[in-house]
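Where a number appears in this text, it was derived from the coordinates with a stated rule and is not lab data. Bear in mind the structure is a predicted one, so any value in this text is a computation, not a measurement. Positions of Cβ are backbone-derived with ideal geometry, glycine not excepted, and every protein chain shown enters the neighbour counts.
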Amino acid sequence: MFEQKRKWWKEGVVYQIYPRSFQDTSGNGVGDLKGITNRLDYIKSLEVDIIWLCPVYDSPNDDNGYDIRDYKNIMDEFGTMSDFDELLAGMKSRDLRLVMDLVANHTSDEHLWFQESRKSRDNKYRNYYHWWPAEKGTPPKRWSYFDVDANAWKYDEQTDSYYLHYFSIKQPDLKWENPKVREEIYDIIRFWFDKGVDGFRMDVIPFISKDTTYPELPEKYNGNFVSYYSEGPRLHEFLNEMNQQVLSKYDIMTVGEAPGITLDKALDFVDEDREELNMFFHFDLMSLDRDGHEVFWMQKEKWKLTEFKKIHSDWDAVFAKKGWGSIFLSNHDFPRSVSRWANDSIEHWHNSATMLHTFLLTMRGTPYFYFGDEIGMTNAGFEHIEDYKDINTINRYELLKQNNISLKDFIENEKEAARDNARTPMQWDETKNAGFTNSKSWIKVNSNYRKGINVASQEKDENSVLNYYKKMVQIRKTNLGLVYGAYQLLLDDNEYVYAYTRVLNSEKYLILLSFSELETTVEINEISFKNASLLISNDQAEKTKLDKVFTLKPYQALVYELA
Ligand code: GLC
């Protein structure tokens, strides 16, 4: 019996594409839509079901497309609407679904609405954005992610007012409190659904509702703006309305990006009865190795496996009966998973990457893979500020420079934490620029494409990270217990091995994952190993003898089917 209702978006595996870095065909050094279309057979060969495409809309690219100028047009660098239609048709003919990115907390300052809004205080678009008239004095402090001064209010001379921007000064926040704004957003969503798009990943969705009296940050938040931003007074009203007006009318999926959302709030978003979203990305794991509220600063101490397990166990428990989770280890805002969560040294890279694949594909919740992780792409670790292209790194560098804070430490931090670590081009083969472009790439290609981290060589090697990935996806898709089965953590306080079972009726699995660079022995007493069989291992494993004592090689992953 299934505890949860079966759905395609629960059983599917998602593959995220950062279009700028996937495949250039036009020769401008930037990936494009035709590039993705040309690679659809490859994507299909991964056995994934759903593609999440980061923003491809018309944008001046202050934040690589997360600043949208026109929601119903395609960015010139990426191609045209007919390229998009061709891509979608190519996906449909291969039974692949498409999830787009909805960036609706803010627009670009070059969007027509903002251009109008800033013209005069009585412009009909004035109330599309958050304005604070200067005669009221300086507005209460709001913190901004990408502002050089970390100040989310920007003074605009034209109307002697400040506008609100939680992200860069070129990303003014929309005023969802205005019903016209919400209508515009629903209209955009309908436009893409009517084309046949299968869902949306919703950018920073908990930030959309604001207290429009703009009070001082209430004390209880203790300086934590992100937490305050994610608890706006009308958030759930807006999500529910969006669901009623548009989402519920289509067979689509939604996944919210949810900074600030804690375990106790989770079901408010995804309990089916509330009719809001299907699932969301929480930030607990992404904050595990970070310094307090500072999501882009590495903490000094190494994270602990017991904490990693606790995060996943706690989140699994929340969704055990209601709602649904998403499982991910990386995306375009965080470093590469193999470098961050395991070990990308030559010696341990293969087992590390495949162990993490095993993890993502044996947990409950929809698994999201970031492009390139299937071949074990690693952090770029750029040493020079000139190599960074991300506004987040560049503006924080400026801020520190102004405040005379050590830039050397900052670069050391960015080598591990920067978003650009994950934005280097897809490594297709051993030709120039890894086969990504035949001109100059917009961002440096990671040179390890010549050392086996590329699709062409891994396709030929039976034991490659890529071929393991394909096998593992197959295993998930042919064993529904891995999708819906109950999760039970074993060896809770072991700092080297993550062990758990998944059980659905008579289907039962044991998963053992080593997060250690040393050989490790564990003993599992809770389980009977009579008639157990090995489904997969990423290293040579003892296949015949099986008892309660297991010796795992460094970063070894084992999945057993138990009778
Ligand atoms: C989200 C996106 C990130 C972007 C930000 C502002 O966090 O994932 O890439 O910079 O929102 O839109």
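Quick notes
- Fewest-first sequence of Ser514, Ser93, Ser227 by Cβ atoms within 10 Å of each Cβ: Ser93, Ser227, Ser514
- Taking Leu235, Leu534, Leu361 and counting other C-beta atoms within 10 Å, the order from fewest to most: Leu534, Leu235, Leu361
- Taking label points 7 Å from Cα along the Cα-to-Cβ direction, Glu135 and Thr431 give a separation of 6.5 nm.
- Cross-link table Lys92/Lys553; Lys302/Lys401; Lys180/Lys220, entries beyond 30 Å C-alpha to C-alpha: Lys92/Lys553; Lys180/Lys220
- At the listed q of 0.20 Å⁻¹, the Debye profile of the range 35-162, built from one uniform point per Cα, gives log10 I(q)/I(0) equal to -1.13.
- With only the Cα atoms considered, the range 379-440 has a convex hull volume of 82 Å³ per residue.
- Environment charge at Asp109 (Cβ cut-off 12 Å; Lys +1, Arg +1, Asp -1, Glu -1): -3
- Each part reduced to its alpha carbon centroid, the range 70-107 and the range 345-377 end up 27 Å apart.
- At q = 0.16, 0.19 Å⁻¹, base-10 log of I(q)/I(0) for the range 471-550 (Debye sum, equal scatterers on each alpha carbon): -0.66, -0.95
- Measure of compaction for the range 1-103 (Cα Rg per 2.2 N^0.38 Å): 1.15
- As a proxy for reagent exposure, ranking Tyr500, Tyr186 by other Cβ atoms within 10 Å from fewest up yields Tyr186, Tyr500.
- Near Asn28, once Lys and Arg are set to +1 and Asp and Glu to -1 for all other residues with Cβ below 10 Å from its Cβ, the sum equals -3.
- On a per residue basis, the convex hull of the C-alpha atoms belonging to the range 113-258 measures out at 119 Å³.
- Distance between the pseudo-spin-label points of Asp211 and Glu519 (7 Å out from Cα toward the beta carbon): 6.0 nm.
- Proximal charge balance of Asn531 [Cβ under 12 Å; K/R count +1, D/E count -1]: +1
- The ellipsoid that matches the Cα gyration tensor of the range 233-361 has semi-axes, each √(5λ) in whole angstrom, of 31, 16, 14, with the longest given first.
- Label-to-label distance for Leu534 and Ala89 is 4.9 nm, based on points extended 7 Å past Cα in the beta-carbon direction.
- Bins of 10 Å, starting at 0 and running to the largest distance - Cα pair percent for the range 423-563: 11, 32, 28, 18, 10, 2
- Scaled against the 2.2 N^0.38 Å expected of a compact globular protein of N residues, the Cα radius of gyration of the range 182-297 reads 1.14.
- Centre separation in Å (Cα based) which lies between the range 499-563 and the range 414-481: 28
- Whole-angstrom Cα spans of the range 22-74 along principal axes, big to small: 34, 25, 18
- The chain - convex hull of the alpha-carbon atoms, volume per residue in Å³: 149
- Rg/Rh (Cα only; Kirkwood hydrodynamic radius) as it applies to the range 314-462: 1.03
- Length gained on full extension, Leu263 to Thr80: 61.7 nm, using 0.36 nm per residue less the C-alpha separation.
- 24 Å Cα-Cα threshold exceeded, pairs from Lys300/Lys408; Lys471/Lys548; Lys321/Lys477; Lys34/Lys195; Lys5/Lys265: Lys471/Lys548
- Ordering of 57-68, 119-130 by packing [mean C-beta count within 10 Å, highest first]: 57-68, 119-130
- Flagged links, alpha-carbon separation over 26 Å, of Lys141/Lys444; Lys141/Lys304; Lys7/Lys249: Lys141/Lys444; Lys141/Lys304
- Helix 305-318 vs. the chain, principal-axis angle (Cα, 0 to 90°, nearest 10): 70
- The slack between Ala150 and Asp461, meaning 0.36 nm per residue of separation minus the straight C-alpha distance, is 107.2 nm.
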